[in-house]
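FYI, it's all coordinate maths here, none of it is from the lab. Because the structure is a prediction, the values reported are computed rather than measured. As a convention, Cβ positions derive from the backbone with ideal geometry for all residues, glycine included, and neighbour counts pool all protein chains shown.
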Amino acid sequence: MSRFKDYLSDRRWVFLGIMALLLLLFAWKAVPYNEVLYWDRPVKMTLSKSRDNLTQLMGNRNVDVRDRRFIDVIAFKRLHELVHEHFGRFGIKENFYLDFDTVMNVKRDANFVFEVFSDDGFRILVDDREICIFNGPRSMDNSTTGSVMLSPGLHRLRLEYYQGGGELGLKAYYSVQGMSGKWLIGQSSEWTRFQRP
């Protein structure tokens with residue numbers, strides 16, 4: 001026991017301990033959030049660049065797939081280029097599609113309400129049933145909602161989005177009718193847990 005007290009009284013060990021804590025704090029702040037520290041990414045995202053000018057979501061796609069990755073939530077900033085709130089810039093500004101795929105593990109019977117703010121169009125499908133859609137260009141000031149009654153168990157959720165030109169952005173939320181609280185799609189709650197498809 002006296003040996004431990006000797007270590008504590010030795011100023012070199014105190015200094016090294018403080019330096020180790022500072023190094024850990026620096027590493028925590030310096031390491032990119034999207035590369036190492038965040039691994040709960042239940043939403044599969046596919047980014048496709050269109051070879052044509054886009055004015056609506058529906059129709060034949062003439063695309064090159066640019067990026068496939070898993071993300072945490074469907075939340076892209078309102079800007080003139082594609083920027084995710086946690087994963088940063090994607091280097092694309094216009095004429096592209098984003099396709100999202102995830103699975104909702106619903107815990108109990110509930111009427112789920114989906115609300116999407118988008119610039120430009122989108123549609124949500126749950127278990128291959130269209131829940132809500134906006135097929136043309138618009139400002140992100142506008143939202144579209146739709147609801148579906150879901151029973152406990154696994155339900156596949158897909159969201160399709162397109163951007164023509166100009167400003168862009170996308171935020172997709174869910175809530176439970178009659179209950180308080182609203183969450184981004186991908187963010188688990190007491191009502192559902194999101195998991196990879």
Could you please rank VAL65, VAL148, VAL83, placing first whichever residue has the fewest other Cβ atoms within 10 Å of its Cβ?
VAL65, VAL83, VAL148
The ³J(HN,Hα) series, computed from each phi in region 183-197 with the Karplus coefficients 6.51, -1.76 and 1.60 at θ = phi - 60°, rounded to the nearest Hz and given as x for glycine or proline, is 10, 6, 4, x, 8, 6, 9, 5, 9, 8, 10, 8, 9, 5, x
In region 39-195, taking the dipole from +1 charges on Lys and Arg beta carbons and -1 charges on Asp and Glu beta carbons about the Cα centre, the listed residue (SER139, SER189, ASN111) farthest towards the positive end is SER189
Using each residue's phi in region 66-79, evaluate 6.51 cos²θ - 1.76 cosθ + 1.60 at θ = phi - 60° and report the 3J(HN,Hα) Karplus result to the nearest Hz, with x for Gly and Pro.
9, 7, 10, 6, 9, 10, 8, 9, 8, 8, 10, 5, 7, 8
q = 0.10, 0.11 Å⁻¹: log10 I(q)/I(0) that the Debye formula gives for region 39-195, counting C-alpha atoms only
-0.33, -0.39
Starting with the fewest neighbours, write out LEU47, LEU23, LEU159 ranked by other beta-carbon atoms found within 10 Å of each beta-carbon.
LEU23, LEU47, LEU159
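With each run of n ≥ 4 DSSP H residues scored as -39500 (n - 2.57), what mean residue ellipticity at 222 nm is computed for the chain after dividing by its residue count and rounding to the nearest 500 deg cm²/dmol?
About -4500 deg cm²/dmol.
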Using Cβ counts within 10 Å as a stand-in for footprinting exposure, how do TYR173, TYR161 rank, fewest first?
TYR173, TYR161
What angle do you read, to the nearest 10 degrees and between 0 and 90, between the alpha-carbon axis of helix 11-30 and the longest principal axis of the chain?
10
Please compute the length gained on full extension between LEU23 and VAL63, using 0.36 nm multiplied by the number of residues separating them and subtracting their Cα-Cα distance.
9.8 nm
Short version: ³J(HN,Hα) in whole Hz for each residue of region 116-126, in order, from phi by Karplus 6.51 cos²θ - 1.76 cosθ + 1.60 (θ = phi - 60°), x for Gly and Pro, what are they?
10, 9, 8, 9, 10, x, 7, 8, 10, 10, 10
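With contacts defined as alpha carbon pairs under 8 Å and 6 or more residues apart, what's the relative contact order of region 75-148 in percent?
On the way: 94 pairs, mean separation 17.4, N = 74.
Rounded, it is 24 percent for region 75-148.
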Loop GluC sites (Glu not before Pro), region 83-164, which have at most 14 other Cβ atoms in a 10 Å radius of their Cβ (DSSP):
GLU85
